[in-house]
Amino acid sequence: MTIHNNMSRTALWFRSLLLPDGGADGVRLVIRDGRIETLTKDTPAETGDEIHEIGLPGLPNLHSHAFQRGMAGLTEQRGATADSFWTWREAMYRFVDHMGPEEVEAIAAQAFLEMLESGFTRVGEFHYVHHDPDGTPYADIGELAARIAAAAGETGIALTLLPVFYLHAGFGGLPAVPGQRRFINDTDRYGRLVDASRKAVSPLSDARVGIAPHSLRAATPAEILEILPLANGGPVHIHVAEQVKEVEDCLRWSGQRPLELLLDRLPVDERWCLVHATHVTEAESADIAACGAVVGLCPITEANLGDGIFPAQAFMERGGRFGVGSDSNVLIDAAEELRLLEYGQRLSLRTRNALARAPTPSVGRSLFDAALAGGAQALGAPSTLAVGQPADLVSLKADDSALAHRQHDRWLDGWIFAGRRQTVDCVWRAGTRLVNGGRHIHRDAIGRRYRLALHKVLHQS
Ligand code: NGQ
Ligand code: ZN
């Protein structure tokens, strides 16, 4: 069922298309072998062109743990003791114990399909379940990485695979706990895993591989320095400063806050993506902005897990770069990530239109442009619509009530603040139309396999 690049030549015409320098009218794209061969503005459609109303570039989803889609909605019940990020993590570890390779692939395919249906065309998969349920590596260390790559191939989403380095249970090199046994590698075996990950993605078009030390809890600064060359110029992702307890534990261990420690001890630069960075001081925020790293914000998951609110307005005013991720995949929706990001700022600052940035007054446009550029940087792959680039596109339903009598940036404001996932009409990846009328072309088959896999994970072990 692997979806191959569209090797033919097709022409798409958009009444309006969002290009790097703004919305343009009457745009004709000729696509060959998945890439944009020509791009012409202010031109009429030609006979045989596929006609669409409103087009946008596909958005990158810079942070996902695809398997967690399988437990979406299952941790919303109050427990005997106070519920927290840490009790959620216990439940997540129990879910992990019951997945085999088939289930990993089936759940990832469902998650990737939903990402495409919502307008994401590339995913950064922060992949950390590597070994079999008793912690023994599979005969091929990259078995589960290959399952993630297969799921990307089946759905057609572009993949930046981020194999995770995970060795400890807490700051200062604490030994891992049993619930983490499927994640653990020393630095040598991690090198083999990165090689296997490169091999796993080789059948996919436009795939990338980066590295991902899980967090300063799971990897020491010395270990991170040791694995850094494995990135080979590709992205480096890390979770950081998501929970207050994490900040306190780090201070107790090192005398520094997690972001302070990271920026002080490691060569953080444009290649890095700092996921969450929720609990950030003004000085840390300025340092992140200055070094050009991308902050990976996951507003839906951060709300779901009770993390806190990243002070995005101040960061954006300093020129800080960010993108968005669906992280736990409790709800997969590109527009809603952007909406909740803005609403978190409004609620905490008691203001409106917090993240609009000159030259546009449009919040939707500012959020979209920032997440498009930040996501591309963090995933090591371009996201702009230009000649020579992959044709990764989204169209919106012009007859959706949220878009009525709107134009250009107002379409983005309408989609993000007044629309829903149903506003997305078609999605193309490398010139192949994967979503039609809001439905992925393999939705039924992937959905059936997903339900069978979940039955197995939840009831048969
Ligand atoms: C994860 N997720 O790796 O899935 C983490 C939880 C941890 C988020 N941080 C585990 N949202 O951070 O220890
Ligand atoms: Zn995460």
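Points worth noting:
- Of residues in the range 307-320 being among the hydrophobic types (A, V, I, L, M, F, W, C) and open to solvent by less than 40 Å² (accessible area, probe 1.4 Å), the one nearest to ligand 1 (Cβ to nearest atom): PHE310
- Pairs, first on the phi > 0 side of the Ramachandran plot in the range 307-321, second small (Gly, Ala, Ser), C-beta under 9 Å, six or more apart: GLY319/ALA289; GLY319/ALA290
- Scope the range 382-398; condition in contact (Cβ under 8 Å) with a residue 12 or more places away in the chain and either assigned to a helix (DSSP H, G or I) or open to solvent by 10 Å² or more (accessible area, probe 1.4 Å) (or both); matching residues: SER383, THR384, ALA386, VAL387, GLY388, GLN389, PRO390, ASP392, LYS397, ALA398
- Matching strands (runs of 3 or more DSSP E) fully within the range 13-66 where at least 3 residues are of a type outside the set (Asp, Glu) and within 27 Å of the chain's Cα centre (by Cα): 22-32, 50-57, 59-64
This table checks each residue for (1) within 16 Å of ligand 1 (Cβ to nearest atom); (2) within 30 Å of ILE416 (Cβ to Cβ); (3) surrounded by 15 or more Cβ atoms within 10 Å (Cβ to Cβ); (4) in contact (Cβ under 8 Å) with a residue 60 or more places away in the chain.
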| site | (1), (2), (3), (4) |
| --- | --- |
| ARG9 | no, no, no, no |
| LEU17 | no, yes, yes, yes |
| PRO20 | no, yes, no, yes |
| VAL30 | no, yes, yes, no |
| ASP42 | no, yes, no, no |
| ALA45 | no, yes, yes, no |
| LEU59 | no, yes, yes, yes |
| GLY70 | yes, yes, yes, yes |
| PHE95 | yes, no, yes, yes |
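- Boolean, ALA373 is open to solvent by 50 Å² or more (accessible area, probe 1.4 Å), under 27 Å from GLY438 (Cβ atoms) and free of Cβ contacts under 8 Å to residues at least 60 places away in the same chain: yes
- For the range 293-306, a residue qualifies if it is touching a helix residue (DSSP H, G or I) at 6+ places or on another chain (Cβ under 8 Å) and open to solvent by less than 10 Å² (accessible area, probe 1.4 Å), and the qualifying residues are VAL294, VAL295, GLY296, LEU297, CYS298.
- Of residues in the range 166-182 being within 21 Å of VAL240 (Cβ to Cβ) and part of a strand (DSSP E or B), the one least open to solvent (accessible area, probe 1.4 Å): GLY170
- Selected residue [surrounded by 18 or more Cβ atoms within 10 Å (Cβ to Cβ), of a type outside the set (Lys, Arg) and more than 16 Å from ligand 1 (Cβ to nearest atom)] from THR155, THR75: THR155
- Qualifying residue in the range 399-416 (condition: in a loop (DSSP other than H, G, I, E, B), among the acidic types (Asp, Glu) and under 29 Å from GLU342 (Cα atoms)): yes
- For the criterion of being more than 19 Å from the chain's Cα centre (by Cα), within 16 Å of ligand 1 (Cβ to nearest atom) and under 24 Å from TYR128 (Cα atoms), GLY323 fails.
- Restricting the search to helices (runs of 4 or more DSSP H) fully inside the range 183-274 and requiring at least 1 residues that are buried (at least 24 other Cβ atoms within 10 Å of the Cβ) and of a type in the set (A, V, I, L, M, F, W, C) gives 187-201, 244-254, 258-265.
Let's see how each residue does on (1) hydrophobic (A, V, I, L, M, F, W, C); (2) out of contact with any Lys or Arg (no Cβ under 7 Å at 6 or more places or on another chain); (3) modelled with pLDDT under 95; (4) within 19 Å of LEU230 (Cα to Cα):
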{"residue": "ILE107", "(1), (2), (3), (4)": "yes, no, no, no"}
{"residue": "SER118", "(1), (2), (3), (4)": "no, no, no, no"}
{"residue": "PHE126", "(1), (2), (3), (4)": "yes, yes, no, yes"}
{"residue": "ALA146", "(1), (2), (3), (4)": "yes, yes, no, yes"}
{"residue": "GLU154", "(1), (2), (3), (4)": "no, yes, no, no"}
{"residue": "ILE157", "(1), (2), (3), (4)": "yes, no, no, no"}
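- PHE112 being touching a residue at least 60 places away in the same chain (Cβ under 8 Å) and either under 30 Å from TRP13 (Cα atoms) or within 16 Å of ligand 2 (Cβ to nearest atom) (or both): no
Okay, residues lined up against (1) away from ligand 2 (no atom under 16 Å from the Cβ); (2) of a type outside the set (Phe, Trp, Tyr); (3) more than 30 Å from LEU259 (Cβ to Cβ):
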residue	(1), (2), (3)
LEU116	yes, yes, yes
VAL129	no, yes, no
ALA139	yes, yes, yes
GLY142	yes, yes, yes
ALA150	yes, yes, yes
GLY156	yes, yes, yes
LEU159	yes, yes, no
ALA169	yes, yes, no
ASN185	yes, yes, no
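- Residue check, GLU102 open to solvent by 40 Å² or more (accessible area, probe 1.4 Å), of a type outside the set (A, V, I, L, M) and touching a Leu at 6+ places or on another chain (Cβ under 6 Å): no
- Total residues in the range 418-428, condition at pLDDT 95 or above and either under 28 Å from ARG9 (Cα atoms) or surrounded by fewer than 16 Cβ atoms within 10 Å (Cβ to Cβ) (or both): 6
The values are calculated or read from the model by the stated rules, or taken from the named source; none is laboratory data. Bear in mind the structure is a predicted one, so any value in this text is a computation, not a measurement. Note that each Cβ is placed from the backbone with ideal geometry, even for glycine, and that neighbours are counted across all protein chains shown. Note: areas computed on protein heavy atoms with side chains; ligands, DNA, RNA excluded. Shrake-Rupley method; radii C 1.70, N 1.55, O 1.52, S 1.80 Å.
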